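Throughout, read-outs are computed from the coordinates displayed, never taken from laboratory work. Model, not experiment: these values are computed from the prediction. Neighbour counts run over all protein chains shown; Cβ positions are idealised from the backbone, glycine included.
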Amino acid sequence: MPRATWPFLLASLLSTAVQAAPYPNVYGAPPEVLRSSDWYRQCLRVKNEQARQMMDSRAGASARCDASALYYDTLNQPEANKADWQRVHACAARTNAHGVLMMLYANGAGGTPQFDLALKHACSIQSPVDEMKSRIEHVRRRASGDDRAAIDVCDDASTDMRSRCAAVRERQRDKSRSGQLAALARGWNAKEQLGLEMATKAAHYFAQHRVDYETDAGSSATRALQLDVQAAELDQFADDVLAAEAGKAPRFTDAEFDSLEQKMNATYRQFMLNRPASTSYLGTIRKSGVEKAQRAWLAYRDAMELYGSIRHPQVPGSGWRAQLTARRLKQLTELDNAAAGR
């Protein structure tokens with residue numbers, strides 16, 4: 001599934017369907033069991049709750065908006081003001097984004113906390129029983145003052161929701177990562193900026209290949225795992241660039257690089273030759289996919305060496321090559337061990 005679709009998955013989680021949803025919007029247990037529960041009675045208590053102090057629903061309202069993306073973007077602004085939060089509220093109200101509305105009212109973003117209203121929206125988020133119960137108890141702890149930390153809809157996420165929350169976190173991390181690198185490169189000459197841009201694209205290309213071809217897509221937590229793999233590669237890339245700027249560029253001799261490359265090539269050949277010939281092993285991972293990822297990695301290594309030669313010409317190219325080769329050797333070794341059952 002294309003990465004661009006994931007923000008909309010969280011939006012669908014935080015929103016109710018166009019047709020009337022049940023209330024409480026829970027699944028996974030028969031009604032006669034639910035009705036005897038304290039959390040269920042709490043939902044019924046606030047079912048008709050109305051906002052005491054509605055934000056301006058016209059502020060920033062648009063025919064199409066992503067309330068979850070707008071909420072987290074605003075949350076991460078250094079100085080979000082009341083008008084910013086009014087735009088979030090307008091979007092959430094327009095799209096029935098109950099998760100966003102719960103966070104707005106529970107945390108008092110842009111206004112005074114309204115805990116009963118937050119509870120009503122918590123009860124409106126489609127959830128399995130345990131997740132619903134946990135979220136309602138969380139809102140009540142916040143209302144009583146026993147828990148003073150801001151509430152996030154992802155705090156009580158079940159397995160069903162965890163991957164979508166991971167997508168939200170990675171979106172914010174990527175924005176922060178990109179902003180940090182952009183600020184770093186401000187004032188560089190055109191050639192240096194181009195070198196960084198090429199290395200950045202190569203890093204993203206390889207990270208996506210790691211997601212697509214070297215991550216098992218067969219588990220219930222697949223998307224969260226894929227996003228962690230992608231984030232780890234991109235975080236490492238950003239760390240490498242920042243470290244070099246701080247005078248900590250990698251330094252290896254040509255002999256050290258040659259040794260690492262020989263080990264990596266031997267591990268790669270062993271994996272491709274000795275693992276089962278079946279097209280199905282390591283879950284959904286295939287030899288053909290590992291081969292594609294290896295080619296993407298080689299392009300990434302070349303791009304990093306080129307970037308280094310432009311921005312840090314005093315650093316030998318063997319340093320960049322050896323640093324990335326050591327990491328790739330570790331990845332291939334882990335794949336080979338997993339395929340061999342070690």
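Taking other Cβ within 10 Å of each residue's Cβ, how do Tyr40, Tyr307, Tyr205, Tyr71 sort, fewest first?
Values: Tyr40 21, Tyr307 24, Tyr205 14, Tyr71 27.
Arranged by neighbour count, lowest to highest, Tyr40, Tyr307, Tyr205, Tyr71 become Tyr205, Tyr40, Tyr307, Tyr71.
Fully extended, how many nm does the chain gain between Ser36 and Gln314 (0.36 nm per residue separation, minus their Cα-Cα distance)? Intermediate values should be presented prior to the final figure.
Numbers: separation 278, 0.36 × 278 = 100.08 nm, distance 7.21 nm.
Separation in residues times 0.36 nm, less the Cα-Cα distance, equals 92.9 nm.
What FRET efficiency, computed as 1/(1 + (r/R0)^6) with R0 = 30 Å and r the Cβ-Cβ distance, is obtained for Gln193 and Ala340, rounded to the nearest 0.05? If you can, show how the numbers build up before the last one.
Values: r = 44 Å, r/R0 = 1.48.
So the FRET efficiency works out to roughly 0.10.
Tilt of helix 254-274 relative to the longest C-alpha principal axis of the chain, in degrees (0 to 90, nearest 10)?
Between the helix axis and the principal axis of the chain, the angle is about 70 degrees.
Could you work out how far the C-alpha centroid of the stretch 179-225 sits from that of the stretch 279-328, in angstrom?
Measuring centre to centre over Cα atoms gives 12 Å.
Any chance you could give the angle, 0 to 90 degrees and rounded to 10, that helix 287-311 forms with the longest Cα principal axis of the chain?
80
For a quick check: sort His138, His98, His89, His312 by the number of other beta carbons within 10 angstrom, fewest at the front.
Details: His138 20, His98 24, His89 29, His312 17.
Listing His138, His98, His89, His312 from fewest to most nearby Cβ atoms yields His312, His138, His98, His89.
Could you go through the stretch 136-148 in sequence order and give the Karplus-derived ³J(HN,Hα) for each residue, using 6.51 cos²θ - 1.76 cosθ + 1.60 with θ = phi - 60°, rounded to whole Hz, and x for Gly and Pro?
5, 4, 5, 4, 5, 5, 5, 5, 7, x, 5, 10, 9
What's the extension gain from Met272 to Arg251 if we count 0.36 nm per residue and subtract their Cα-Cα distance? Can you show the working numbers first?
On the way: separation 21, 0.36 × 21 = 7.56 nm, distance 3.06 nm.
Contour length minus Cα-Cα distance gives 4.5 nm.
Determine, for Lys120, Lys47, the number of other Cβ atoms within 10 Å of each Cβ, and report the residues in order from fewest to most. Mind dumping the intermediate values first?
Working: Lys120 26, Lys47 13.
Fewest-to-most ranking of Lys120, Lys47: Lys47, Lys120.
Cross-link list Lys201/Lys287; Lys201/Lys330; Lys82/Lys120; Lys82/Lys133: which exceed 28 angstrom alpha carbon to alpha carbon? Don't jump to the answer; show the numbers that get you there.
Working: Lys201/Lys287 24 Å; Lys201/Lys330 23 Å; Lys82/Lys120 23 Å; Lys82/Lys133 31 Å.
Check vs 28 Å cut-off fails for Lys82/Lys133.
Which angle from 0 to 90°, rounded to the nearest 10, does the C-alpha axis of helix 222-245 make with the longest principal axis of the chain?
For helix 222-245, the angle is close to 60 degrees.
Calculate one ³J(HN,Hα) per residue across the stretch 314-319 by plugging θ = phi - 60° into the Karplus curve 6.51 cos²θ - 1.76 cosθ + 1.60, and present them in order as whole Hz with x for glycine and proline.
6, 8, x, x, 4, x
Would the stretch 170-339 count as rounded, prolate or oblate if I go by the C-alpha gyration tensor, calling it rounded below 1.5 in a/c and otherwise prolate when a/b exceeds b/c, oblate otherwise? Mind showing how you got there, number by number?
Working: a/c = 2.60, a/b = 1.41, b/c = 1.84.
Judged from the Cα gyration tensor, the stretch 170-339 comes out oblate (a/c at least 1.5, b/c at or above a/b).
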